[in-house]
Amino acid sequence: MKKLVFAGLLGTIMLSGAMYPMVAQADEASDNAAVENRKMLMDGIGGAMGTLGCYMKGECNLPDPVLANLAKGIAFAAGAAPAAFEPQTPDASVKTTSSADIWANWDDFAGRFPELETAALALADAVGDKGAMGAAMGNLGKNCKACHDEYRTK
């Protein structure tokens, strides 16, 4: 009977030891997925900003509805960003430019996104008036830069 109990305990210990790497991999996979999601969200904002910048410099011609949708897309992403960044991802192996200061200063970081959303919606409202768009685009860019200066690594 003692051998059976010992064998059962030994088997349980070995199984839990074998499961540990799978748990770690699951955490890594989950954290990597969260980081990739954040990167896509931020890349979407960057792509929209680049396209709007192309228009503002006169390098490309886009219809007003497209310009408005680009700005609204930035606003949408700004609204989704806090939830995307909220989970910390210590097991991620995906490279990122996000600073750990995000989570150390969470209230400040998360509090910047409503300002970004408001600035993006102001840009959407300014579509049709290139002068007003320029001022709104400048304000939006300042919001992006301030956050990048504080919470993005080089």
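Quick test of your reading of the structure: Leu70 fulfils all but one of (1) free of Cβ contacts under 8 Å to residues at least 24 places away in the same chain; (2) part of a helix (DSSP H, G or I); (3) over 16 Å from Gly44 (Cα atoms). Name the failing condition by number.
It fails just one condition, (3).
Checking the structure you have, find out if any residue of the stretch 27-38 is assigned to a helix (DSSP H, G or I), modelled with pLDDT of 95 or more, within 27 Å of Met133 (Cα to Cα) and not charged (D, E, K, R).
Checked against the condition, which is being assigned to a helix (DSSP H, G or I), modelled with pLDDT of 95 or more, within 27 Å of Met133 (Cα to Cα) and not charged (D, E, K, R), the stretch 27-38 yields no hits at all.
Restricting to the stretch 97-109, count the residues that are farther than 13 Å from His148 by Cα and in contact with a helix residue (DSSP H, G or I) (Cβ under 7 Å, 6 or more places away or on another chain).
0
What pairs can you find where one residue is in the stretch 78-100 and outside any loop (DSSP other than H, G, I, E, B), the other is polar (S, T, N, Q), and their Cβ atoms are less than 7 Å apart, with a gap of 6+ or different chains?
Ala84/Asn37
Among the residues of the stretch 139-148, are any under 30 Å from Ser30 (Cα atoms), in contact (Cβ under 8 Å) with a residue 40 or more places away in the chain and among the polar types (S, T, N, Q)?
No; the residues of the stretch 139-148 include none that is under 30 Å from Ser30 (Cα atoms), in contact (Cβ under 8 Å) with a residue 40 or more places away in the chain and among the polar types (S, T, N, Q).
Do you know which residues across the stretch 51-64 are closer than 14 Å to Leu123 by Cβ and not in a loop (DSSP other than H, G, I, E, B)?
Within the stretch 51-64, Thr51, Leu52, Gly53, Tyr55, Met56, Asp64 meet the criteria.
Any residue in the stretch 102-111 that is among the aromatic types (Phe, Trp, Tyr), assigned to a helix (DSSP H, G or I), surrounded by 15 or more Cβ atoms within 10 Å (Cβ to Cβ) and touching a Ser or Thr at 6+ places or on another chain (Cβ under 6 Å)?
The answer is no, given that none of the residues of the stretch 102-111 is among the aromatic types (Phe, Trp, Tyr), assigned to a helix (DSSP H, G or I), surrounded by 15 or more Cβ atoms within 10 Å (Cβ to Cβ) and touching a Ser or Thr at 6+ places or on another chain (Cβ under 6 Å).
Inside the stretch 110-129, can you point out the residues that are within 18 Å of Pro82 (Cα to Cα) and either touching a helix residue (DSSP H, G or I) at 6+ places or on another chain (Cβ under 6 Å) or of a type in the set (S, T, N, Q) (or both)?
Ala110, Arg112, Phe113, Glu115, Leu116, Glu117, Thr118, Ala119, Ala120, Leu121
The values are calculated or read from the model by the stated rules, or taken from the named source; none is laboratory data. Quantities reported herein were computed from a predicted structural model and do not represent experimental measurements. Methodologically, a virtual Cβ is constructed for each residue, glycine included, from the backbone with ideal geometry; neighbour enumeration extends over all protein chains shown.
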